[in-house]
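For reference, the structure discussed in these notes is given below.
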Amino acid sequence: MRIELEKRANPSTLYSILSPFLALGLTVIAGGIMFALIGKDPVSALYSFFIEPLLDIWSLHEIAIKAAPLILIGAGLSICYRSNNWNIGAEGQFIMGAIAGAIVPVVFHDWHSPLVLPLMLVFGMIGGALYAAIPAFLKAHMNTNEILTSLMLVYIAQLFLDWLVRGPWRSPDAYNFPVTRDFAPEAILPELIASGRANLGFAFAVLAAVGLWLMMRYTLKGFEITVLGQSERAGRFAGFSSKRMIWFSMLLSGALAGLAGISEVSGTIGKLQPIISPGYGFTAIIVAFLGRLNPLGIIAAGLFLALTYVGGEAVQLTLSVSDKVTRVFQGLLLFFVLSCDTLIQYKIRLVFSRIGQSSEGGAH
Amino acid sequence: MSAVGASGGSPLLAVRSLTKLFGSFAACNAIDLDIQPGEIHALLGENGAGKSTLVKMLFGVLAPTSGQILWKGEPVRIPSPGAARRLGIGMVFQHFSLFEALTVAENIALSLSPGISLSKVAEEASRLSHLYGLPLDPKAHVADLSVGERQRIEIVRALLQNPELIILDEPTSVLTPQEADRLFETLAKLKAEGRSVLYISHRLEEVQRICDRATVLRHGKVTGACDPRQETPASLARMMVGSDVASVSAAGTNTKGDVLLEARHLSVPARTPFAVALKNVCLKVRGGEVLAIAGVAGNGQGELFDALSGEYPVPDAGAVSIRGKAAGNLGITARRLMGAGFVPEERHGHAAVPALPLSDNLVLARNQSDRKTFLAGGVLGVIRHAVVRIASKRISETMDVRKSGENPAAGSLSGGNLQKYIVGRELDRQPAVLIVNQPTWGVDAGAASRIRQALVDLAKAGSAVLVISQDLDEIFEVATEIAVISEGRLSDAYPAHELTREKIGLLMGGMYGKTEGEVAHAH
Ligand SMILES: Nc1ncnc2c1ncn2[C@@H]1O[C@H](COP(=O)(O)OP(=O)(O)OP(=O)(O)O)[C@@H](O)[C@H]1O
Ligand SMILES: [Mg+2]
């Protein structure tokens, strides 16, 4: 037996709009079943997962803190994906951005100036962009597959960070802990409002997403991205270069991932350590698709996935379930988004094929 | 209930008040049609009449809004192409559905039931293609094949299913006369075997030659049925369009201007193993001239277009010049800014992005040449959608583009109407040099004469026009000069009135010695 996907003649527009919400609903239902199976009351578990965090100021700030990198990276990735460039390595670009940005407060820690922070942010973007330049170069000039190269570079970045904080950048006063020295106050990203920890990173994220939305909707550059994503040949006819688009989209998403990295390190952690991301660069891929590759949708999707992080921590405490529950929810969500999209575009057919020669021989 | 005109016996396929709505627009409106076993039945109608929509419903690609399909007298539902094939219906689409990265055999295997080995498919395909006179190399990659060759794959693919009814949507619009003749032999063979053919074409002569009956559609309705052999092309055209078709008044009296487009010893190596290399192509087009390049598909027409348009520039700047300036190494945008306009052969995914609305497809071709009008905000490049829409509407009106809605996706237009739009898109800016590859592929008689007249008028107004075409009728209608391309070499250009079809045939065959002699002479 074989399963065949057959393209629907008229996929429903209504359902394509509803698809992310359907996926959310299905994720909640599947999550409830999962809680029931491990012996927790699904209603109260879902309540503390999805509702409780929205009810107090502290966790709203946490959501904003976690949404910031997701939105920044997701918005950059949406540009890549729309132009048919599949950058999967944002996690690595995030780390490299954090490292490049940290050069100022770690290596030049004696230098005190209001320029420190802006310089860090710029370095962060450059670091992320340069790291994304590697798969961009390989794709544009060597014809390699950017999915593989960008993904593999993630592991290199993670190990490089690990080596840095254990070796050359380890703080002299950290009793051999693998961390850099704490950033000086002027190297810390200021808080957004007085009521809590959420920092300027969230403002960067919203600004970037709105900016990219404007670009996609109104400018020739956005049009170029759309056209090249749909047909390279038509793009060539329009005078657009797909090679330049590889560079543009990869550097842009790399820079935004790098900015997310340095913002996270400077605003939330305050130093470098072996692990600086709970997988933001990968979760942002879910964010990008859940937001329909539309930067405004990505703001909403980023907030929702941030909620899964915060809610995951909450149920971990109140119900003492594993910390993997967040990952499970994110995985379910991606699974349902992609399956909803697929089932809206295609219908499934089971094909029971005749088994080769033996039955043919027997039939006559 | 039984149709009066039907020649006895029960029809193989019958259609009863079949309707297809797109929104509130009726692309097919209560259509009745009978196809007898063993007949070749023509489906005629101008662009956008609903022919493709009708046959897509018969092949399970589109779901009818209402109405009935009867197969051998039984009501059937055809929910998918697979279901149509199982019934015994095969189809060759107007726009092909092939995977470019795969080989011919792989593409064919994809549409067959699984479990048949690739070598068997290849064997069977080449047997059929020889039997029916449609030469094909099963190992060739589709990306490297010309439009004509791609179509053969589709035909062989349909034949492999051993269908009782074969639907061909404009099969000959991309074939040379010789290739078309062979196809007609194939069709005659199929008919002799008792199979039926539903045949869509805009070429009325061939309909008269091979079809037993014809049904005419207009604005989604059946407006008549006839025996095409009792009609003349003119009377058929009148049935389709509802009025007489204007004949093109040639560009004979043009005054010759400066050389606006020139290729000097243009040589381009083949980009892919199956592409054609251009060898020492020289041509000159003056203002007021229409140079037509005749030739069998796959002899370098696409490559010549790519080199002249600048989609693939050449290192030698002097190899192409536009309005006297060297342009060989410049890209397509720079050449547009020098006053040239281009219409490629393939509409979907080259001249237009099917999923984008028409207005966006206007920006596609004119984002730099009309930068001042279409863009605002300097370097930001904000697209003025309102202005673009007005321009797009103007083009649709001038070219009489029929469409559902104000600004629909390009892919929803019928083939001929999209062609009118993409030609109109260039004419609208009155380019000094216009290069067109297959200007009227799949365009109905009325619209074709409109497009040809527009090309002639553009030349009359002083522009240089280069038309690459396989259609000799078209060439004699528009050309002031004619050259022939064969295996990447271009013959000298001759004044159109000095040439006949026979002479062009000779040029296609015996020109090598001559060209090479001349090259030797030139150096
Ligand atoms: N998917 C669609 N959505 C909206 N309108 C459509 C769609 N497909 C076709 N149409 C409209 O239906 C009409 C009939 O189109 P169709 O392709 O059947 O014409 P046709 O007779 O095959 O013309 P041609 O000779 O140019 O190929 C056209 O006006 C077209 O714009
Ligand atoms: Mg059609």
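The values are calculated or read from the model by the stated rules, or taken from the named source; none is laboratory data. All values derive from a computational prediction rather than experimental measurement. Here Cβ is always computed from backbone atoms with ideal geometry, including for glycine, and neighbour counts include all displayed protein chains. For the accessible areas, the whole protein counts, side chains as well, though only heavy atoms, and no ligand, DNA or RNA atoms are used. Shrake-Rupley method; radii C 1.70, N 1.55, O 1.52, S 1.80 Å.
A simple packing score, the average count of other Cβ atoms within 10 Å per residue, orders the peptides A:327-340, B:73-86 as A:327-340, B:73-86, with the highest score first. Given axes a ≥ b ≥ c from the Cα gyration tensor, I'd like to know whether region B:273-350 is rounded (a/c under 1.5), prolate (a/b larger than b/c) or oblate. Rounded is the answer for region B:273-350, as its axis ratio a/c remains below 1.5.
Computed over chain A, relative contact order equals 35 percent, with contacts defined as Cα pairs under 8 Å that lie 6+ residues apart.
Let me have the relative contact order for chain B, percent, based on Cα pairs under 8 Å that are six or more residues apart. Kindly include the intermediate steps, with their values, before the conclusion.
On the way: 1076 pairs, mean separation 82.2, N = 523.
The value is 16 percent.
Rounded to the nearest 10 degrees, the inclination of helix A:242-264 to the longest alpha-carbon principal axis of chain A is 50 degrees. Restricting the calculation to Cα atoms, chain A yields a radius of gyration followed by a Dmax of 22.8, 90 Å. Taken over the Cα atoms of region B:13-241, the convex hull encloses 119 Å³ per residue. At an R0 of 60 angstrom, the distance between the Cβ atoms of B:Phe184 and A:Trp111 translates into a FRET efficiency of 0.10. Using a Gaussian network model of chain A in which every pair of alpha carbons under 10 angstrom is joined by a spring, one finds that among A:Leu251, A:Leu24, A:Leu70 the greatest mean-square fluctuation is at A:Leu24. Residues in region B:486-492 carry Karplus couplings, in order, of 8, 6, x, 10, 10, 6, 5 Hz; the curve used is 6.51 cos²θ - 1.76 cosθ + 1.60 with θ = phi - 60°, and Gly or Pro positions show x.
Counted by Cβ distance under 14 Å from A:Leu121, the other residues give a net charge of -2, where Lys and Arg count +1 and Asp and Glu count -1. Across every pair of non-identical alpha carbons in the protein assembly as shown, the mean reciprocal distance, once inverted, gives a Kirkwood radius of 30.9 Å. Over the Cα atoms of chain B, the radius of gyration divided by the Kirkwood radius equals 0.97; this is the Rg/Rh ratio.
Express in nm, to one decimal, how much length is gained between A:Tyr155 and A:Asn176 on full extension, taking 0.36 nm for each residue of separation and deducting their alpha carbon distance. The partial results should precede the final answer.
Values: separation 21, 0.36 × 21 = 7.56 nm, distance 2.39 nm.
Extending this stretch completely gives an extra 5.2 nm.
The ellipsoid that matches the Cα gyration tensor of region B:1-129 has semi-axes, each √(5λ) in whole angstrom, of 30, 19, 14, with the longest given first.
Just want to confirm a number: the relative contact order over region B:13-241, from Cα pairs under 8 angstrom separated by 6+ residues, in percent. Let's see the in-between values first.
Working: 435 pairs, mean separation 65.2, N = 229.
Contact order relative to length: 28 percent.
Under conditions of 10 °C and 1.306 mPa s, region A:1-70 yields 103 µm² s⁻¹ as its translational diffusion coefficient, taking Rh as the Kirkwood radius over Cα pairs in the Stokes-Einstein equation. Straight-line reach from A:Lys7: taking Cα to Cα under 18 Å and skipping same-chain neighbours fewer than 8 places apart, the lysines in range are A:Lys347, B:Lys56.
In cubic angstrom, how much convex hull volume per residue do the alpha carbon atoms of region A:107-226 span? Write out the running numbers ahead of the final one.
Working: hull volume 21.1 nm³, N = 120.
That works out to 176 Å³ per residue.
Here the spin labels are modelled as points 7 Å beyond Cα on the Cα-Cβ line, and at A:Ser44 and B:Thr223 they lie 7.6 nm apart. Axis angle, to the nearest 10 degrees, between helix A:90-107 and the longest C-alpha principal axis of chain A: 0 degrees.
When you have a sec, figure out the Kirkwood radius of region B:22-88 from all distinct Cα pair distances and drop it here in Å to one decimal?
Working: mean 1/r = 0.0768 Å⁻¹.
Result for region B:22-88, one decimal place: 13.0 Å.
Simple rule: put +1 on each Lys or Arg Cβ and -1 on each Asp or Glu Cβ in chain B, find the dipole, and look at B:Leu160, B:Asn29, B:Val268; the Cα lying farthest toward the positive end is B:Asn29.
One decimal place: the segment A:Ile3-A:Arg166 gains 53.6 nm when fully extended, by the rule 0.36 nm per residue minus the C-alpha distance.
Between helix B:445-460 and chain B there is an angle of about 0 degrees, using the helix long axis and the longest principal axis of the Cα atoms. Backbone N atoms of region B:46-68 closer than 17 Å to the 7 Å Cα→Cβ label point of A:Arg349 belong to residues B:56-64.
The modelled label-to-label distance between B:Val76 and B:Ser267, using points 7 Å beyond Cα along the C-beta direction, is 5.7 nm. Placing a pseudo-label 7 Å from each Cα along the Cα-to-Cβ vector at A:His141 and A:Leu207 gives an inter-label distance of 3.3 nm. Residues A:His141, B:His497, ordered by accessible area of protein heavy atoms at a 1.4 angstrom probe radius and largest first, appear as B:His497, A:His141.
Judged by the ratio a/c of the largest to the smallest principal axis of the C-alpha gyration tensor, region B:371-523 counts as prolate, that ratio being 1.5 or greater while a/b is larger than b/c. When chain A is treated as a GNM with alpha-carbon contacts under 10 Å, the residue of A:Tyr280, A:Tyr15, A:Tyr81 showing the greatest mean-square fluctuation is A:Tyr15. On the basis of the beta-carbon distance and an R0 of 60 Å, B:Asn162 and A:Leu317 show a calculated FRET efficiency of 0.30. Region B:391-449 has equivalent-ellipsoid semi-axes of 18, 15, 10 Å, by the square roots of 5 times the alpha carbon gyration tensor eigenvalues, sorted largest first. With the cut-off at under 18 Å, measuring from each backbone N in region B:470-496 to a point 7 Å along the Cα-to-Cβ line of B:Thr398 picks out no residue. Distance from a point 7 Å along Cα→Cβ of B:Asp258 to each backbone N in region B:412-434: keep the residues under 20 Å and list them by number. Residues passing the 20 Å test: B:430-434. Pick from A:Gly92, A:Gly32, A:Gly254: which residue has the top mean-square fluctuation in a GNM of chain A where Cα pairs under 10 Å get a spring? Looking only at A:Gly92, A:Gly32, A:Gly254, the biggest GNM fluctuation is shown by A:Gly32. Amide H contacts of B:Ile166 (H built 1.01 Å from N, in plane; Pro and chain starts excluded): B:Gly90, B:Ser196, B:Val197, B:Leu198 sit under 5 Å, all sequence-distant by 5 or more or on other chains.
From the largest down, region B:438-479 spans 28, 19, 13 angstrom on the principal axes of its Cα atoms. Rg and Dmax of region B:104-224, both derived from C-alpha coordinates alone, stand at 15.3, 48 Å.
Normalised radius of gyration (Cα atoms, divided by 2.2 N^0.38 Å) for region A:32-183: 1.35. Considering helices alone, the calculated mean residue ellipticity of the protein assembly as shown at 222 nm is -15500 deg cm²/dmol, with DSSP H runs of length four and up weighted by -39500 (n - 2.57) and normalised per residue. Beta bridges per DSSP, both residues in the protein assembly as shown: antiparallel share near 55 percent. Phi angles of region A:31-43 translate, via the Karplus equation with coefficients 6.51, -1.76, 1.60 and θ = phi - 60°, into HN-Hα couplings of x, x, 4, 4, 4, 4, 5, 8, x, 9, 5, x, 5 Hz per residue; Gly and Pro are given as x.
Calculated FRET efficiency, B:Ser247 to B:Ala140, Cβ-Cβ distance, R0 = 35 Å: about 0.30 to the nearest 0.05.
Kirkwood hydrodynamic radius for region B:348-430: how many Å is it when counted over pairs of different Cα atoms?
12.7
Loop-only check: which GluC sites (Glu not before Pro) in region B:140-237 are DSSP coil with at most 11 other Cβ within 10 angstrom?
Numbers: sites: B:Glu149, B:Glu154, B:Glu164, B:Glu179, B:Glu185, B:Glu193, B:Glu205, B:Glu206, B:Glu231; in loops: B:Glu164, B:Glu193, B:Glu231.
Listed in order of number, the matching sites are B:Glu193.
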